[in-house]
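The values are calculated or read from the model by the stated rules, or taken from the named source; none is laboratory data. Since the structure is predicted, the reported quantities are computational estimates derived from the model, not experimental observations. Here the Cβ positions follow ideal geometry from the backbone for every residue, glycine too, while neighbour counts run over all protein chains shown. Ligands, DNA and RNA are stripped out before the accessible areas are found, and what is left, the full protein with its side chains, is counted by its heavy atoms. Shrake-Rupley method; radii C 1.70, N 1.55, O 1.52, S 1.80 Å.
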Amino acid sequence: GKKLGYTFNHRNLHNISLGQGQEVVAEQALDLAAREGHWVILQNIHLVAKWLGCLEKQLEQLAEGSHRDLRVFVSAEPAPCPQSHIIPQGILENAIKITSEAPTGMHANLHRALDNFSQDTLEMCSQEKEFRSILFALCYFHAVVAERRKFGPQGWNRPYPFSTGDLTISASVLHNYLQASSKVPYDDLRYLVGEIMYGGHITDDWDRRLCRTYLEEFIKPEMLEGELCLAPGFPLPGNMDYNGYHQYIDDALPPESPHLYGLHPNAEIGFLTQRSERLLRTVLELQPRDSSTGQGALGAREEMVQALLEEMLEKLTDEFNMAELVARAEERTPYAVVALQECERMNALTAELRRSLTELELGLKGELTMTSDMETLQNSLFLGTVPESWLKRSYPFTASLGSWFADLLARISELEAWTRDFSLPSTLWLGGFFNPQSILTAVMQTTARKNKWPLDKMTLQCDVTKKSREDFASAPREGAYVHGLFMEGARWDVQAGSITDARLQELTPAMPVVFIKAIPGDKQDTRGLYPCPVYKTRQRGPTYVWTLNLKTKESPSKWVLAGVALLLQI
């Protein structure tokens, strides 16, 4: 305070954390501070969005006639997206804005995690060796989970607001437990840290498994025997003082790479590629689109859109005749029901395509007045993105419009072949379904009816073959062959018949045909298997489909940390 020209003590400061009905207290503190020249700190204003308008008005009133020493400080978490910006413009325009950038890279994150403690912290526990070893492992764990976000969905299915508070509270829990017990309660510590302190933020089951696996690898009895490596080439340090740990990080931590997080180097390639694609797409979207660009450019743009929509209308096939298909499907087997449902969904999508493209064609010819929906469609066609109105009736897809339309025609072709006689195809294109879960459920329903087994007691067993789609001439007598799967984070070794490390720059290698059949749940042997999640797209998260157990000769935890998953589209 003195350096800024103020006389300052704790009585001049009002520090208020918002979010627990403290808005009235904050208003009273501001009025008092305006009269007496106090300082007011309002924390977490992002938690009281509805009150921010009142705060803006009160600050405008206090701007005139208040004590010259009045100062108001506000803090908020960064908004996850532009649509979530809630701080009123009046506050932002009249404030000096300071941002605290999170450190990047494991080196900076690990130092920052350790900075939350001191030499006194290291000396406060009677079990000094155990406390220091586990505390350093917790710091590394915190740095890993915080920085892993940069790898996108392969890092975490969803982003989480892990904070230094999670780390410091975990350290306090560690101290209390070690003080109360002569033995280290590894299971209790892993549960409290992984399921409560950090796990309290986590909403996705696969992310929870990842968090739990990190702690199982970092906090275990081997850590006190000098046999634990937190990352390849980075063993857990022995008993050191506070400065020694900082020095150890500088000297021993390997250079930044995905290996420090348990990921394959391809994860960084994929992450940087997706970031570049987003940047280029944004640049493309910034191109001028109005008539001010000149009649020549505008005309060329309309000609391009006109040619594209004509091509799409020409290639788009007629809708499925549902009455005819229902009559043709004499026996309503689970597979036939799935086929009919897929045809209905495809009809809804193709009808919307034909309607919107025909409307836009008439609008470009001047026979219809251009509406905002037609202009939005025109922009999407020009930029090569899938229009929002189509995506609502479609399926998750992350590629360009050209790839999406080619994929759509391929799906229609598959359905046409299947519905000729409703016999199960020799191999099923799992990624070609609007609802892939339906065909997997149909496999279980068919087996359950045939063997008179209870459906809720069944599970799917998968065997990866050594063959491709062309090698199969007919469907199996029980179960189904599926193709069109891709593995991210690793690859399938056909000769060894198990998961193995990916080859560099092969981001999503294709899987051989997979044989899927239903068996009673109590006959499933999970030894030597990695429960691998299946997702529709690389965005993972809400596109989850199923879990397939794949054979592995290495510990399944390796593939958990590597973010290994099967994808239906790439």
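Just to make sure I understand: if all protein chains stay in place, what is the order of 413, 170 by accessible area at 1.4 Å, largest first?
413, 170
Going down the table (220/551; 452/553; 220/523; 452/558; 457/551; 315/467), which pairs top 28 Å between alpha carbons?
Violating the 28 Å Cα-Cα cut-off are 452/553; 220/523; 452/558; 315/467.
With both partners inside the chain, how many of the DSSP beta bridges are antiparallel, as a percent to the nearest 5?
Just about 65 percent of them are antiparallel.
So how tilted is helix 401-418 from the main axis of the chain? Cα-based, degrees 0 to 90, rounded to 10.
Between the helix axis and the principal axis of the chain, the angle is about 50 degrees.
Let me know the shape class of the chain, please: from the alpha-carbon gyration tensor, a ≥ b ≥ c as square roots of the eigenvalues, rounded when a/c is under 1.5, otherwise prolate if a/b is greater than b/c, or oblate.
oblate
Indicate the gyration tensor shape class of region 510-570 (rounded, prolate or oblate), computed on the Cα atoms with a ≥ b ≥ c the square roots of the eigenvalues: a/c under 1.5 is rounded; otherwise a/b larger than b/c is prolate and the rest oblate.
The shape class here is oblate.
When ranked by the protection proxy of mean other Cβ atoms within 10 Å per residue, highest first, what sequence do the peptides 349-358, 321-330, 495-504 form?
Per-residue mean Cβ counts within 10 Å order the peptides as 349-358, 495-504, 321-330.
Compare the peptides 376-386, 241-251 by average per-residue count of other Cβ atoms within 10 angstrom and give them in order, highest first.
376-386, 241-251
What number comes out for the charge environment of residue 134, summing +1 per Lys or Arg and -1 per Asp or Glu over other residues with Cβ under 14 Å away?
Spelling it out: positives minus negatives among the neighbours equals -3.
Please give the helix 23-36 orientation as an angle from the longest Cα principal axis of the chain, in degrees from 0 to 90, rounded to the nearest 10.
Roughly 40 degrees between the two axes.
At a threshold of 8 angstrom on Cα-Cα distance, excluding pairs fewer than six apart, so keeping six or more, what relative contact order does the chain reach in percent?
Dividing the mean separation by the residue count of the chain yields 11 percent.
Give, as ranges by residue number, the residues of region 470-492 whose backbone N falls under 20 Å from the point 7 Å along Cα→Cβ of residue 414.
The answer is 470-488, whose backbone nitrogens lie closer than 20 Å to the label point.
Which GluC sites (Glu not before Pro) in region 32-85 sit in a loop by DSSP (not H, G, I, E or B) and have at most 14 other Cβ atoms within 10 Å of their own Cβ?
In loop regions of region 32-85 (DSSP not H, G, I, E or B), the sparsely surrounded GluC sites (Glu not before Pro) are 64.
I'd like the FRET efficiency for residue 247 and residue 495, computed as 1/(1 + (r/R0)^6) with the beta carbon distance as r and R0 of 56 Å, rounded to 0.05.
E(calc), rounded to 0.05, equals 0.75.
Considering just Cα atoms, how many Å³ per residue does the convex hull of region 419-570 enclose?
126
Give the whole-number value, in cubic angstrom per residue, of the convex hull volume spanned by the C-alpha atoms of region 233-278.
90
How much mean residue ellipticity at 222 nm does the chain get from its helices, if each DSSP H run of length 4 or more adds -39500 (n - 2.57) and you divide by all residues, to the nearest 500 deg cm²/dmol?
Using -39500 (n - 2.57) per qualifying helix, the result is -13500 deg cm²/dmol.
Loop only by DSSP, 12 or fewer other Cβ within 10 Å of the Cβ. Give me the chymotrypsin sites (Phe, Trp or Tyr not before Pro) in region 462-570 that pass, ordered by residue number.
Within region 462-570, no chymotrypsin sites (Phe, Trp or Tyr not before Pro) qualify (loop, at most 12 other Cβ atoms within 10 Å).
Measure off 7 Å from each Cα along the Cα-to-Cβ vector at residue 466 and residue 128, then give the distance between these two points in nanometres to one decimal.
According to this spin-label approximation, the distance is 6.1 nm.
Ignoring ligands, DNA and RNA, please state the percent of accessible area on region 478-570 from carbon and sulfur, probe 1.4 Å.
Here carbon and sulfur together make up 50 percent of the probe-accessible area.
Find how much the distance from residue 79 to residue 570 grows on full extension, using 0.36 nm per residue of separation minus their present alpha carbon separation; answer in nm with one decimal.
Extra length available between residue 79 and residue 570 comes to 173.8 nm.
With r as the distance between the Cβ atoms of residue 208 and residue 229 and R0 = 35 Å, compute the FRET efficiency 1/(1 + (r/R0)^6) and round to 0.05.
Given R0 = 35 Å and the Cβ-Cβ separation, E is 0.90.
When a/c is below 1.5 the answer is rounded, else prolate if a/b is larger than b/c, else oblate, so apply that to region 45-85 with a ≥ b ≥ c taken from the square roots of the Cα gyration tensor eigenvalues.
prolate
Leaving out ligands and nucleic acids, and using a 1.4 Å probe, what accessible area per residue does the chain come to in Å²?
Ligands and nucleic acids excluded, the result is 52 Å² per residue.
Provide the three semi-axes, in whole Å and in decreasing order, of the ellipsoid equivalent to region 52-162 as defined by the square roots of 5 times the Cα gyration tensor eigenvalues.
In descending order, the three semi-axes are 39, 22, 10 Å.
Once the Cα atoms of helix 436-451 and of the chain are each reduced to a long axis, what angle between those two axes, in degrees from 0 to 90 to the nearest 10, is obtained?
With rounding to tens, the tilt is 60 degrees.
When every alpha-carbon pair in region 120-249 is counted, what percent end up more than 24 Å apart?
Summing the P(r) of region 120-249 above 24 Å gives 26 percent of all pairs.
Two decimals, Cα atoms only, Kirkwood Rh: what is Rg/Rh over region 296-423?
1.05
Using a Förster radius of 45 Å, what is the FRET efficiency between residue 449 and residue 196 based on their Cβ-Cβ separation? Nearest 0.05, please.
Once rounded, the FRET efficiency stands at 0.55.
Which residues does the label zone of residue 474 cover in region 414-429, counting backbone N under 15 Å from a point 7 Å along Cα→Cβ?
Only 423-427 fall inside the zone, counting backbone N under 15 Å.
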